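All remarks here apply to the structure that follows.
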Amino acid sequence: MPHDQSDHHHHHINPDAGDAKVAWAIAVNMLLTLAQVVGGILSGSLALIADALHNFSDAISLIIAFVARKIARRPADTNMSFGYGRAEVVAALINYTTLVVIALYLGFEGVMRALDPQPIAGWMVVSIASIALVIDLVTAALTYRLSKESMNIRAAFLHNLADALGSVAVIIAGFAVIVLGWDWVDPVVTLMIAGYILWHVYAEIGGVTRVLMLGSPPGIHTEEVIEAILKTPGVEGIHHLHLWQMEESETALQAHVLIAESDLIKQTRIKQDIKQLLLDTFSISHTTLEFEYGDLICENPKLIGH
C-alpha cells in the first residue's frame, strides 16, 4: 500500500533481545582475563598475557556494545530528532579503534621479547589457554546470532573470534615449548595475533566509517536509484539527491524532483509512486521529496549533493 511522507517504516530494536546473553559473555570474559594474567605472569608467557589483554578488550567491547544498545533504544527527542540508533555505530568504531591500539602494543612487545627471549612454563600456558579457548567459544555462541543483526555486536564478536584463534595459537606455542624447547615461538605467536587483529579491523571498519560519513548503503547503486525515479510516470528530472544510511539497517533518501504537474492531487500520486518504488525495489524506508515545476526550480542544480 502506498505510504505518505510521514510513513517511514522504522525498524525499532527489541528492548530485551540479547541483553542476558551479552551480560553473561561479559562476566565469563572478565573471569578469564584475570586467570590469563595470573597464568601469564607465573608461566612467563608473553603470548598468554597478550591473549589476556585481548580477552580483556573483549569484555570491554561487550560492555561498550551493551551500553550502546541501551542508548540506541531511546526515542527521538528535540536534541536528537533522528533518535539514538547511531550510538551502536559509534560503539563499533570505538571497539575497532581499541583493537588497533591493542594490536600495535602486542606487536611492539612481541618484537621486544623476540630480541630478549624468556623461559616459559609450557604446560601452564597450554592449560590456561585451553580454558580460554572454551570460554571464547561459549562467548562466540552467545553473541553469534546478534552479530548478524548489529555492527555494534559484530565488532564485539570479532574481538572474541580473534581471541579464540589467539588461544589456539597460544596452545600451539605452549606445545612447541614443551616438545621442542622453542621459546622463540612465544613472541612469534604474539606477532601473529597482532597481525590477525589488524587484518580483521581492516576488513570491518570500512562499513562503520561509511555509516558515520553518511555514505550510501552497500548494495545500492545511486545511479540505479536515480534511473528508477526518472522512469516514474510524471517525473521529468531530479537533482540535489542524497542517499545515506541513517543506521545500519535503515536507508534514507531526499531529493528535489522536477515534474510538469501543478495539481496537488497528481503531485501526491507521483510522490506515492516514487516512495513505493524506492521501498519495494531498494528497501529505502525513509524518503523526503521536494517537488518543483514551472518557474519554481533551482538554478544550476547538481544531480547529487547540494
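The values are calculated or read from the model by the stated rules, or taken from the named source; none is laboratory data. This is a predicted model, so every value here is computed, not measured. Cβ: placed from backbone, ideal geometry, glycine included. Neighbour counts: every protein chain shown. Heavy atoms of the whole protein, side chains included, go into the accessibility calculation; ligands, DNA and RNA do not. Shrake-Rupley method; radii C 1.70, N 1.55, O 1.52, S 1.80 Å.
Out of region 204-213, which residues are at pLDDT 80 or above and either aromatic (Phe, Trp, Tyr) or assigned to a helix (DSSP H, G or I) (or both)? Reasoning before the result, please.
Step one: filter region 204-213 for residues at pLDDT 80 or above, giving 205-213.
The answer is Ile205, Gly206, Gly207, Val208, Thr209, Arg210, Val211, Leu212.
If you go through region 162-191 and keep only what is under 13 Å from Ser130 (Cβ atoms) and of a type in the set (S, T, N, Q), you end up with just Ser167. Looking only at region 227-274, residues that are small (Gly, Ala, Ser) and outside any loop (DSSP other than H, G, I, E, B) come to 4 in all. Can you name the residue in region 188-225 that is touching a residue at least 24 places away in the same chain (Cβ under 8 Å) and among the hydroxyl-bearing types (Ser, Thr, Tyr) and is also surrounded by the fewest Cβ atoms within 10 Å (Cβ to Cβ) among such residues? So the residue we want is Thr209. Consider region 28-42 and keep the residues that are more than 24 Å from the chain's Cα centre (by Cα) and β-branched (Val, Ile, Thr). The one that is surrounded by the most Cβ atoms within 10 Å (Cβ to Cβ) is Val37. Within region 229-252, the set of residues being hydrophobic (A, V, I, L, M, F, W, C) and surrounded by fewer than 15 Cβ atoms within 10 Å (Cβ to Cβ) comprises just one member, Leu230.
For region 70-111, filtered to residues that are under 17 Å from Phe56 (Cα atoms) and of a type in the set (Ser, Thr, Tyr), the residue that is least open to solvent (accessible area, probe 1.4 Å) is Tyr96. For region 30-78, taking the residues that are outside any helix (DSSP H, G or I) and modelled with pLDDT under 75, the one that is nearest to Val168 (Cα to Cα) is identified as Ser45.
Residues checked against (1) small (Gly, Ala, Ser); (2) within 30 Å of Tyr84 (Cα to Cα):
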residue	(1), (2)
Ile220	no, yes
Ala228	yes, no
Lys231	no, no
Trp244	no, yes
Glu250	no, yes
Arg269	no, no
Thr281	no, yes
His286	no, yes
Gly294	yes, no
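Among the numbered criteria (1) surrounded by 19 or more Cβ atoms within 10 Å (Cβ to Cβ); (2) over 15 Å from Ile229 (Cβ atoms), which one does Glu261 miss? Failing condition for Glu261: (1). With respect to Thr287, determine if the residue is assigned to a strand (DSSP E or B), open to solvent by less than 40 Å² (accessible area, probe 1.4 Å), within 27 Å of Ala72 (Cβ to Cβ) and in contact with a Leu (Cβ under 6 Å, 6 or more places away or on another chain). Spelling it out, Thr287 is indeed assigned to a strand (DSSP E or B), open to solvent by less than 40 Å² (accessible area, probe 1.4 Å), within 27 Å of Ala72 (Cβ to Cβ) and in contact with a Leu (Cβ under 6 Å, 6 or more places away or on another chain). Here Thr281 does not fit the description of being open to solvent by 30 Å² or more (accessible area, probe 1.4 Å), part of a strand (DSSP E or B) and β-branched (Val, Ile, Thr).
Can Ala228 be described as aliphatic (A, V, I, L, M) and closer than 30 Å to Ala72 by Cα? Taking the combined requirement at face value, the residue does not satisfy it. If you filter region 79-102 down to residues that are modelled with pLDDT of 85 or more and more than 16 Å from the chain's Cα centre (by Cα), you find that the one that is nearest to Gly206 (Cα to Cα) is Val101.
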